Amino acid sequence: MPKITTTSVEMTCLQGLADLVRIEGPWLKPIAGGDPEEAAVILRLLLAHITTMSKRLLGAMVLDRLDVETDAVERASLRQGDTHLQSDPAA
């Protein structure tokens with residue numbers, strides 16, 4: 001049975017979305033209030049969140065790439081071991 005995995009990129013995206021859902025209500029009130037300074041602060045906070053999520057996403061992409069490469073090396077090692085066992089004259 002194949003194992004079900006969630007990649008680091010997927011988890012990072014889900015965490016970012018959960019953060020936005022959690023803070024959506026408090027951020028909408030000042031924006032809807034009409035005060036330009038409050039709206040500017042909220043937009044700066046949103047841009048900071050986007051910047052942070054971008055950095056976290058790049059890190060997650062690196063981790064996923066390393067996982068893929070590690071899996072490929074392990075599979076190649078297993079294949080080489082299988083062919084070595086098949087060509088063993090004692091077998």
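Here are the numbers for the structure shown:
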quantity	calculated
Within region 1-56, trypsin sites (Lys or Arg not before Pro) in DSSP loop having at most 13 other beta-carbon neighbours inside 10 Å	LYS3
Mean shadow area of region 10-53, taken as a quarter of the surface of its Cα convex hull (nm²)	2.9 nm²
Hydrodynamic radius (Kirkwood) for region 8-85, which is based on Cα pairs only, to one decimal in Å	15.6 Å
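Since every read-out is calculated from the coordinates, none of them should be taken as a lab result. Remember, it's a predicted structure, so these values are computed and weren't measured experimentally. Virtual Cβ from ideal backbone geometry, glycine too; neighbours counted across all protein chains shown.
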